[in-house]
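So the structure is just underneath, and the comments pick up after that.
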Amino acid sequence: MHAIVRFAAAVAALLAAATATPAVSHAEADNGSCAQVELIFARGTFEPPGLGATGQAFTDSLSSRLGGTGVEVYPVTYPASLDFSQAAAGVGDAANKVLNTVATCPNTKIVLGGYSQGAAIAAYITADSVPPGYALPDGISGPLPSSVAPHVAAVALFGKPSNGFLNLVDRNAPPINIGPLYANKTIDLCTPQDPVCSSGQGFSRAAHSAYKTNGMTDQAADFAVAAINRAR
């Protein structure tokens, strides 16, 4: 139980640290240097720092569909190791980037994304509450404020760990759920037979690596572009 609380506290602390980031007034922001679209993407386990292969494929698909629209890309910083508890660092980094973008570029449309462990990070920052049984340390205010949600146009998840898989990897990790303010703007893609996200459809290790080539990054890009256009 203490390990569960420690993990939850780490995630919550990083989220709360993000919510404490000083806001830049909208009068001072959006001075022409802001991108029209900001893609914040978290790579998968063991991928080197950067976007990762799936993230790069999604970025390419999204950029090609948006044409002349300016797209900035931010790769989330975190270890991407087998120690899933360290994903909390990615939650904090991504949340801080979201808040900074909202504060300094309020007209920018944000797209969140992640692959595998990175998809868990992207999903975690959409949470609007702390699951029962997970305690927040003193002085922590909680998840991102609801006022952030309208700035996020779309969330694209590739191979997000199922709760069954998550229990095998780290029994202390909170369940991965999409917050209600983000549910309708989220595309959650799972290749059949992917052992990380699939439930009982058979298992193939190759399936978990297929997102970059199986057309799902194009599918997610179509979804994101439609969401961006609706948000304009």
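The values are calculated or read from the model by the stated rules, or taken from the named source; none is laboratory data. What you see is a predicted model; the values in this text were computed from it and never measured. Virtual Cβ from ideal backbone geometry, glycine too; neighbours counted across all protein chains shown.
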- [ ] Return only the number of the condition from (1) at pLDDT 95 or above; (2) surrounded by fewer than 17 Cβ atoms within 10 Å (Cβ to Cβ); (3) closer than 21 Å to residue 99 by Cα that residue 60 does not satisfy.
- [x] (3)
TODO: Please determine, by comparing only the residues of segment 158-198 that are out of contact with any helix residue (DSSP H, G or I) (no Cβ under 7 Å at 6 or more places or on another chain) and of a type in the set (Gly, Ala, Ser), which one is farthest from residue 128 (Cα to Cα).
DONE: 198
Task: Considering residues of segment 19-44 that are surrounded by 16 or more Cβ atoms within 10 Å (Cβ to Cβ) and of a type in the set (S, T, N, Q) only, the residue modelled with the lowest pLDDT - done: 19
Open item on the list: Can you say whether residue 45 is under 27 Å from residue 214 (Cα atoms) and in a loop (DSSP other than H, G, I, E, B), as far as the supplied structure shows?
Closed with: yes
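Hey, could you check segment 110-122 for residues that are among the aliphatic types (A, V, I, L, M) and touching a residue at least 60 places away in the same chain (Cβ under 8 Å) and say which is surrounded by the fewest Cβ atoms within 10 Å (Cβ to Cβ)?
Narrowing segment 110-122 to residues among the aliphatic types (A, V, I, L, M): 110-112, 119-122.
In the following step, the residues that additionally are touching a residue at least 60 places away in the same chain (Cβ under 8 Å) were identified as 110-112, 119, 121-122.
Details: 110: 25, 111: 28, 112: 29, 119: 30, 121: 33, 122: 29.
If we take residues in segment 110-122 being among the aliphatic types (A, V, I, L, M) and touching a residue at least 60 places away in the same chain (Cβ under 8 Å), then 110 is surrounded by the fewest Cβ atoms within 10 Å (Cβ to Cβ).
Would segment 209-216 turn up any residue that is within 27 Å of residue 150 (Cβ to Cβ) and either at pLDDT 95 or above or out of contact with any helix residue (DSSP H, G or I) (no Cβ under 8 Å at 6 or more places or on another chain) (or both)? Steps first, answer last, please.
Restricting attention to segment 209-216, the residues satisfying the condition of being within 27 Å of residue 150 (Cβ to Cβ) are 216.
Next cut, either at pLDDT 95 or above or out of contact with any helix residue (DSSP H, G or I) (no Cβ under 8 Å at 6 or more places or on another chain) (or both) only: 216.
Yes, segment 209-216 contains a residue that is within 27 Å of residue 150 (Cβ to Cβ) and either at pLDDT 95 or above or out of contact with any helix residue (DSSP H, G or I) (no Cβ under 8 Å at 6 or more places or on another chain) (or both).
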Open item on the list: Can you pull out every residue in segment 94-109 that is closer than 15 Å to residue 147 by Cβ and without any contact (Cβ under 8 Å) to a residue 60 or more places away in the chain?
Closed with: 102
Task: Lone unmet requirement of (1) closer than 14 Å to residue 62 by Cβ; (2) surrounded by fewer than 21 Cβ atoms within 10 Å (Cβ to Cβ) for residue 192 - done: (1)
Open item on the list: Looking at 130, 98, can you tell me which residue is of a type in the set (A, V, I, L, M), modelled with pLDDT of 90 or more and farther than 17 Å from residue 195 by Cα?
Closed with: 98
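Here is a yes/no grid of residues against (1) in a loop (DSSP other than H, G, I, E, B); (2) surrounded by fewer than 21 Cβ atoms within 10 Å (Cβ to Cβ); (3) on the phi > 0 side of the Ramachandran plot; (4) polar (S, T, N, Q):
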{"position": "184", "(1), (2), (3), (4)": "no, yes, no, yes"}
{"position": "188", "(1), (2), (3), (4)": "no, yes, no, no"}
{"position": "203", "(1), (2), (3), (4)": "yes, yes, no, no"}
{"position": "207", "(1), (2), (3), (4)": "no, no, no, no"}
